[in-house]
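The values are calculated or read from the model by the stated rules, or taken from the named source; none is laboratory data. Nothing here was measured: the structure is a model prediction, and the numbers come from that model. Cβ placement follows ideal geometry from the backbone for every residue including glycine, while neighbour counts extend to all protein chains displayed. We work out accessible area using only protein heavy atoms, side chains counted, and drop any ligands, DNA or RNA first. Shrake-Rupley method; radii C 1.70, N 1.55, O 1.52, S 1.80 Å.
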Amino acid sequence: MVKVIIALHGTGLDDRLRTPEFRETLAATGVSTLEVNVDDADVAPAQMRFGPGQPVTALVSVRTEGKPAAAIDAVARAAGEDAPHAYRVLERTRLDPVPVPDGVRCDALANIALLRRPESMSRDEYLEYWLIYHTPIAIRTQNTVAYIQNIVEEVLTPDTPEVAAIVEEHFPMAAMTDPHVFYGSGGDDEELRRRITELLTSVARFGADTGLDLVPTSRYHWDL
């Protein structure tokens, strides 16, 4: 089973990526599970959107026993995008998402970050710091309710920018506009500053202070 994440950049993708016909097409290629993360009206109030890359408006994650190229082509056709950015990844789930029925929006702000490795770090050094040292800091300094890490193992489409990893972090919906909810600081301004400082210090140690694209999304899941 291979997991593939496809980053998309168009508009109006919410409806296009949630049709029964799209899921039937994916299932015919060998896809067994589908996640759609889309920057839609439900997360429009989110205050954090940034990054050096081409703005991402949706991400499609599939697990497939078929050829990844077939699933990527199906996503590209559904999205009306000729050149999506696609990655083969290795998933590590640190905090499981809240289970919801197929096709029901997960009641969370699902932030997705595309991470770039700085030239000053080898791949092994980067992954060691991110997976072993940074992850516990990220979880304890934020009000994280789900945490899914994806290590990029291969770029699958032409002109796709190199990224080292793709991480999905879930927060309560109120975190879109309230930093105390986002960081879990309980309304204490001093604790909020302490948590932000600890997090950003760690983020800077592996280049995520400058090499990160952040996309707020709504998340949907299907077993096909």
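Residues in the stretch 192-210 that are acidic (Asp, Glu) and assigned to a loop (DSSP other than H, G, I, E, B): how many?
Here the count works out to 1.
If you take the residues of the stretch 211-224 that are assigned to a strand (DSSP E or B) and aliphatic (A, V, I, L, M), which of them is least open to solvent (accessible area, probe 1.4 Å)? I'd like the intermediate steps shown before the answer.
The first filter runs over the stretch 211-224 and keeps only residues assigned to a strand (DSSP E or B), leaving 212-223.
Filter again for aliphatic (A, V, I, L, M), leaving 212, 214-215.
Working: 212: 28, 214: 24, 215: 6 Å².
Out of the qualifying residues, it is 215.
If residue 161 meets every condition in (1) open to solvent by 20 Å² or more (accessible area, probe 1.4 Å); (2) touching a Phe, Trp or Tyr at 6+ places or on another chain (Cβ under 9 Å); (3) closer than 27 Å to residue 36 by Cα apart from one, which number is that one?
For residue 161, the failing item is (2).
Only one residue in 166, 137 is modelled with pLDDT of 95 or more and open to solvent by less than 10 Å² (accessible area, probe 1.4 Å), so which one is that? Show your work before the answer.
Details: 137 fails: open to solvent by less than 10 Å² (accessible area, probe 1.4 Å).
Step by step, each of 166, 137 is checked, and only 166 is modelled with pLDDT of 95 or more and open to solvent by less than 10 Å² (accessible area, probe 1.4 Å).
Looking at the stretch 96-119, is at least one residue under 18 Å from the mean Cα position of the chain (by Cα), of a type in the set (A, V, I, L, M, F, W, C), more than 15 Å from residue 214 (Cβ to Cβ) and modelled with pLDDT under 95?
Checking the stretch 96-119: at least one residue is under 18 Å from the mean Cα position of the chain (by Cα), of a type in the set (A, V, I, L, M, F, W, C), more than 15 Å from residue 214 (Cβ to Cβ) and modelled with pLDDT under 95.
Provide a single number: the residues in the stretch 42-66 that are hydrophobic (A, V, I, L, M, F, W, C), in a loop (DSSP other than H, G, I, E, B) and out of contact with any helix residue (DSSP H, G or I) (no Cβ under 6 Å at 6 or more places or on another chain).
Number of matching residues: 3.
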